[in-house]
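Notes follow the structure.
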Amino acid sequence: MKSQTISKETVDELARDHKPLLSVEHAQIGYVVNGKAHVAVGDASFEVYPGEKIMLLGPSGCGKSTLLKAVAGFIEPFAGNIKLATRDTLVPGPDRAVVFQEFDQLFPWKSVRDNIIYPQRMIGRDKDEAGRRADEYLTLMHLEPAADRYPHQLSGGMKQRVAIARALAMDPAILLMDEPFGALDAQTRSRLQQELNEVAERTGVTILFVTHSIQEAVYVGHRVVVLNNPPSTVVEVVDVRDVHDPADEGFSEAMVHLRSLLSAGDETLSDAAFE
Amino acid sequence: MTTLQRDQDLSVPRDDGKVRTSRKTWGSLPTGPRRALLLLALVAIWQAYVSISGVNPLLISSPWDVAKALVEGFVEGRLLDATLITLRILLLSMLIGMVIAAVMTTLATWTRIGEDILVLLTSILNPLPSIAILPLAILWFGLNTTALTVVIANAVIWPIAINVSMGFRTVNPTLLAVGRNIGLSGWRLVRDVLVPAALPHTISGLKTGWAFGWRTIIAAELVFGVAGGKGGLGFFINDARYFLRTPEIFAGLVTIALIGIALDLVFSYVEKKTVVKWGMKSGT
Ligand SMILES: Nc1ncnc2c1ncn2[C@@H]1O[C@H](COP(=O)(O)OP(=O)(O)O)[C@@H](O)[C@H]1O
Ligand SMILES: [Mg+2]
């Protein structure tokens, strides 16, 4: 199956017409284990417009990663539709670049710079252009001093920066992120959240971001899609576009609201499960 | 795999800020001089023993005589010829073994039945010392190079196939997902992700394969020598024993050891320039 990728022009066109870039319509997604269907996401619907940062928030195991994998094209929904612009049978492709949580997502045998160049070469860019772009994103993600190092010589935070730079350098129509900062210490984590916000602002990239941290959802997101326990459905889509500053009253109000949504379906759930 | 060395610097990037006591100890010398000194001491003890004890030179030659036999053997050519013959057979057998191992690994990676066959064959043939099939090989092919080649190929196929297929099956799934995400599939995914990701296993499989092959060819040639065959290093040693040219026996042994060490160094060098440099295997 050959898939044509979604170009920047298509995304701009959609933005002009106020049309969604990604629509998830009554998607039911899961796994077949020993011949038996195991449904993780029961019925999810939401839309992502160009330039938005959409957060997928829900308890651990509710199917956030599963949903992201379906958007990335790694798995196919049992039912419903996932549409990217006009395409609805999705196979994995660089127009939906993924940043994973795992630190070992970089190619260990390539230097940082080559890790960023290589995927660009695979989408048909010539050497010079790919190199120029790599340098651009190395600068953007504060990675210049590490350009010639190998991944094993980097800290966790640096590795995730490289993964983000590599994904952005491919000019994806949408950037998919699966708890990219989940394994980082608190300090590095908030640094990277801030950097991601700055980079998103600069590039205008559309992001679908999985997290189980309420604070992260409010701080990074424009809108938060809240999922409940599996087989999960969308409880509510919360707009947090206007709250940026954790010191603001609005910020804590948004967090309280999200926390109440998350614990509504589950009496046994303690607040400690969420930050 | 390998264990971490005592002196290994775990913090990266590395710079030489090691805290050391100022007193020079044995452990503070670099590896090279340490080994050279030990070797020198060993040779000195050997020479002293032969000179002082008056042991029969037909039983133990002095290092000096061995060195002379070694130089003579290579200059005059008999030892050199024997070495070349052995290396040529080894190389041919290794190539055959590697090709067969590659085919088996490919089948085992892509098909269930291939994997089952590989597991079955390796569990039967790998524990069997390869030299044990030499009589059968002689029976089938006669006292010739073909028999040798079969035995050695058999010695190298299994360690290589086991390691490489293990390497392919344990490729980090996140890297595979990244590969597919950037649009790789089929042959390109194999070449650009699977093969490099499996490299640590592949190299250690080759390393073990060559070591097995080297031991087996010498053993097989010794048996051939006894049986009256002509040719390589094993034959050279056996011939020297027959004519009581004891220094030549030692010279043959030294040659075998040196080539074994050289093979090991080649693989260690390749590892250092690849998987160790990339942090996929800790250095030794
Ligand atoms: N490869 C898989 N095969 C079978 N079940 C899976 C697989 N991956 C995840 N699951 C199950 O699907 C559910 C949702 O998992 P996941 O999407 O990873 O949750 P989340 O990312 O929200 O923590 C869980 O019950 C999990 O056990
Ligand atoms: Mg997850």
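The values are calculated or read from the model by the stated rules, or taken from the named source; none is laboratory data. Remember, it's a predicted structure, so these values are computed and weren't measured experimentally. Every residue, glycine as well, gets a Cβ built from its backbone with ideal geometry; the counts of neighbours run over all protein chains shown. These accessible areas exclude ligands, DNA and RNA; they are computed on the full protein's heavy atoms, side chains included. Shrake-Rupley method; radii C 1.70, N 1.55, O 1.52, S 1.80 Å.
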* What is the Å³ per residue value for the convex hull set by the Cα atoms of the range A:1-122? -> 153
* Asked: Among the aspartates and glutamates, which have Cα under 13 Å from the Cα of B:Lys277 when same-chain residues fewer than 8 positions away are ignored?
  -> A:Asp148
* Would you mind computing the Rg to Rh ratio of the range B:188-284 from its alpha-carbon coordinates, Kirkwood style for Rh? => 1.19
* Structure fact -> By the mean-Cβ-within-10 Å protection proxy, highest first, B:30-37, A:53-60 rank as A:53-60, B:30-37
* Semi-axes, largest first, in whole Å: what does sqrt of 5 times each Cα gyration tensor eigenvalue give for the range B:237-284? -> 38, 6, 6
* With DNA, RNA and ligands ignored, accessible area of B:Arg180 (1.4 Å probe; Å², nearest 10) -> 90
* Structure fact -> Ordered by number, the residues of the range A:141-167 with at least 50 Å² less accessible area in the assembly than alone (1.4 Å probe) are A:Tyr150, A:His152
* Asked: Which value, in debye to the nearest 20, gives the size of the charge dipole of chain A about its Cα centre, when Lys and Arg are +1 and Asp and Glu are -1 at the Cβ?
  -> 1060
* Asked: Going by accessible area, probe 1.4 Å, with all protein chains left in place, what is the ranking of B:Trp214, B:Trp140, largest first?
  -> B:Trp140, B:Trp214
* Evaluate the Kirkwood expression for the hydrodynamic radius of the range A:108-171, namely the inverse of the mean inverse distance over all pairs of different C-alpha atoms, and round to one decimal in Å. => 11.2
* To do: Please give the per residue accessible area of the range A:108-171, computed with a probe of 1.4 Å over protein heavy atoms only, in Å².
  => 39
* Asked: Ranked by accessible surface with a 1.4 Å probe, highest first, in what order do A:Phe181, B:Phe168 come?
  -> B:Phe168, A:Phe181
* Asked: Taking only Cα atoms, what is the 0 to 90° angle, nearest 10, from helix A:127-140's long axis to the longest principal axis of chain A?
  -> 50
* Asked: Per residue of B:168-174, how many C-beta atoms from partner chains lie within 10 Å of its own C-beta, taken as a mean?
  -> 2
* Leaving ligands, DNA and RNA out of it, rank A:His18, A:His26 by accessible area with a 1.4 Å probe, largest first. => A:His18, A:His26
* Accessible area of A:Tyr49 in the full protein assembly, 1.4 Å probe (Å², nearest 10) -> 80
* Using a Gaussian network model of chain B with C-alpha springs under 10 Å, which one of B:Asp192, B:Asp65, B:Asp264 is most mobile by mean-square fluctuation? -> B:Asp192
* **For the range B:60-163, alpha-carbon Rg and Dmax in angstrom** => 18.4, 59
* To do: Measure off, as a whole percent, the carbon and sulfur share of the 1.4 Å-probe accessible area of the protein assembly as shown, all protein chains present.
  => 59
* Size of chain A along its principal axes in angstrom, Cα-based, largest extent first? -> 55, 46, 44
* **Gaussian network model of chain B, springs between alpha carbon atoms under 10 Å - residue of B:Ile45, B:Ile60, B:Ile96 with greatest fluctuation** => B:Ile45
* To do: Let me know the charge dipole size of the range A:108-171 about its Cα centre in debye, to the nearest 20, where only the beta-carbon of Lys, Arg (+1) and Asp, Glu (-1) is charged.
  => 240
* To do: Would you list, by chain and number, the lysines whose Cα falls below 28 Å from the Cα of A:Lys64, excluding same-chain residues fewer than 8 positions away?
  => A:Lys2, A:Lys8, A:Lys19, A:Lys36, A:Lys53, A:Lys83, A:Lys159
* Exercise: per-residue mean of other protein chain Cβ atoms within 10 Å, A:100-108 -> 5
* Calculate the translational D of the range B:90-221 in whole µm² s⁻¹ from Stokes-Einstein, where the hydrodynamic radius comes from the Kirkwood formula applied to all Cα pairs, the temperature is 25 °C and the viscosity 0.890 mPa s. => 157
* Structure fact -> Scoring chain A by relative contact order with C-alpha pairs under 8 Å, at least six apart, yields a percentage of 24
* Asked: Over the range A:108-171, what relative contact order in percent results from Cα pairs under 8 Å that are six or more residues apart?
  -> 49
* **For the protein assembly as shown: span of alpha carbons on each principal axis (Å, largest first)** => 97, 63, 53
* Treating the beta-carbon of each Lys and Arg as +1 and of each Asp and Glu as -1, no other charges, what is the dipole magnitude of chain B about its Cα centre, to the nearest 20 debye? -> 820
* Can you send over the solvent-accessible area of A:Glu144, 1.4 Å probe, protein chains only, in Å² to the nearest 10? => 100
* Structure fact -> Using alpha-carbon coordinates alone, the radius of gyration and Dmax of chain B in Å work out to 23.3, 75
* To do: Using a 10 Å cut-off on Cβ atoms, rank the peptides B:231-241, A:196-206 from the highest mean neighbour count down.
  => B:231-241, A:196-206
